[in-house]
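Readers should treat all values here as calculations from the given coordinates under stated rules, not as data from a laboratory. As the structure is a computational prediction, the values presented were derived from the model and not from experiment. Cβ: placed from backbone, ideal geometry, glycine included. Neighbour counts: every protein chain shown.
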């Protein structure tokens, strides 16, 4: 388990993501999802490399269906960037680390 990211759920999402002082990269995923497992190491690297600049959170959509519905998660992995309590950017599916870095850097 990587300690660079936090696991959030329907009870902690407001506090950890929407009320965060720094941007939060949220990975909406599921245990059975192959593409989610492919993107997970990239998310872990980003959590380490951007430590202190952003927060990285993971949301299991199977365990948190209300959050998945609220953010219209139709495909996973869905990785969204939240800033000041709002979803400001996002990438759906497996993409290159560079693409994720470009998304993050646009909002720092």
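List of remarks:
- Residue that is surrounded by the fewest Cβ atoms within 10 Å (Cβ to Cβ), among those in segment 20-38 that are assigned to a helix (DSSP H, G or I) and touching a residue at least 40 places away in the same chain (Cβ under 8 Å): 38
- Of all the residues in segment 76-97, those that are in contact with a helix residue (DSSP H, G or I) (Cβ under 9 Å, 6 or more places away or on another chain) and over 16 Å from residue 17 (Cα atoms) number 8.
- In the condition set (1) farther than 20 Å from residue 86 by Cβ; (2) not in a loop (DSSP other than H, G, I, E, B), residue 17 is compliant with all but (1).
- Flag set for residue 10, criterion: touching a residue at least 12 places away in the same chain (Cβ under 8 Å), farther than 21 Å from residue 102 by Cβ and assigned to a loop (DSSP other than H, G, I, E, B).
- Residue count, segment 54-87 (criterion: surrounded by fewer than 16 Cβ atoms within 10 Å (Cβ to Cβ), over 11 Å from the mean Cα position of the chain (by Cα) and either more than 22 Å from residue 4 (Cβ to Cβ) or without any contact (Cβ under 8 Å) to a residue 24 or more places away in the chain (or both)): 11
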